[in-house]
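Written below as structure tokens is the structure these notes are about.
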Amino acid sequence: MVEKYMRFLDGVYLACIWISGIALFVMTIVIPWGVVNRYVLGTGSSWPEPMAILCMVLFTFIGAAASYRANAHISVTMFTDRVPKSWLPALRWIVDILMALLAVFIMIWGFKLCADTWHQSVSEFPVLMVGYTYLPLPIGSLLTLLFVIERMLAGPQNEREVVAFGQEADPTIEAKEVL
């Protein structure tokens, strides 16, 4: 059962990577377009900045979920570097539980934010409702929660082929793990 869940999340992970990558790509095209329009052509467009912000929100929350699964998220290890090694498994569980609670919190309040703004339109894109623009918050949090559950059931997934695709093994890390 856990193996099926992990295979399902492989597809979810790849979708997260693609969505984040496309959002980042669009953002890097839209920003220069706005700059060229304003300073070279002398005709400022109102849509590039809000489009870039929408892409950044999508990139941030969907990419954060993928980053958590790849064990590439930002972490502060000042405390864990100083505790006895025997404490680390318990601390990892605490971190996973706190991450799950945070994901649930953002998911609940993100859905509430979407519902409260669902019928407001974005001025630069009148056909786009504000509620849609906030959807990456609860969706990204739900995906993060799925990845946290996977991590709690099966451990970190950063060594799996689908996650570590194209990465060279760092021999210094392997040497540290042996010590």
query = Out of curiosity, is Phe147 under 29 Å from Leu54 (Cα atoms), at pLDDT 90 or above, surrounded by 14 or more Cβ atoms within 10 Å (Cβ to Cβ) and among the aromatic types (Phe, Trp, Tyr)?
reply = yes
Listed by first then second residue, the pairs whose first member lies in region 36-50 and is on the phi < 0 side of the Ramachandran plot, whose partner is part of a loop (DSSP other than H, G, I, E, B) and surrounded by 14 or more Cβ atoms within 10 Å (Cβ to Cβ), with beta carbons under 8 Å and at least 6 positions apart or on separate chains, are Asn37/Ser45; Arg38/Ser45; Ser46/Glu124; Trp47/Glu124; Pro50/Glu124
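For every residue, the table says whether it meets (1) loosely packed, with under 13 Cβ neighbours inside 10 Å; (2) at pLDDT 85 or above; (3) touching a Phe, Trp or Tyr at 6+ places or on another chain (Cβ under 9 Å); (4) closer than 16 Å to Pro138 by Cα.
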| position | (1), (2), (3), (4) |
| --- | --- |
| Ser45 | no, no, yes, no |
| Pro48 | no, yes, yes, no |
| Ile62 | no, yes, no, yes |
| Thr77 | yes, no, no, no |
| Lys85 | yes, yes, no, no |
Picking from Ala72, Ala103, the residue that is touching a residue at least 24 places away in the same chain (Cβ under 8 Å) and closer than 13 Å to Gly140 by Cα would be Ala103
For region 128-145, does any single residue satisfy the condition of being closer than 23 Å to Leu14 by Cβ, touching a Gly at 6+ places or on another chain (Cβ under 6 Å) and not polar (S, T, N, Q)?
-> yes
In this structure, is Phe8 in contact with a Pro (Cβ under 6 Å, 6 or more places away or on another chain) and either free of Cβ contacts under 8 Å to residues at least 12 places away in the same chain or part of a helix (DSSP H, G or I) (or both)? no
Just one listed residue, out of Ala70, Ala52, is surrounded by 17 or more Cβ atoms within 10 Å (Cβ to Cβ), under 20 Å from the mean Cα position of the chain (by Cα) and closer than 22 Å to Met6 by Cβ, and it is Ala70
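The values are calculated or read from the model by the stated rules, or taken from the named source; none is laboratory data. From a predicted model like this one, the values you see are computed outputs, not experimental measurements. Cβ coordinates were reconstructed from backbone atoms using ideal geometry, including for glycine residues, and neighbour counts include every protein chain displayed.
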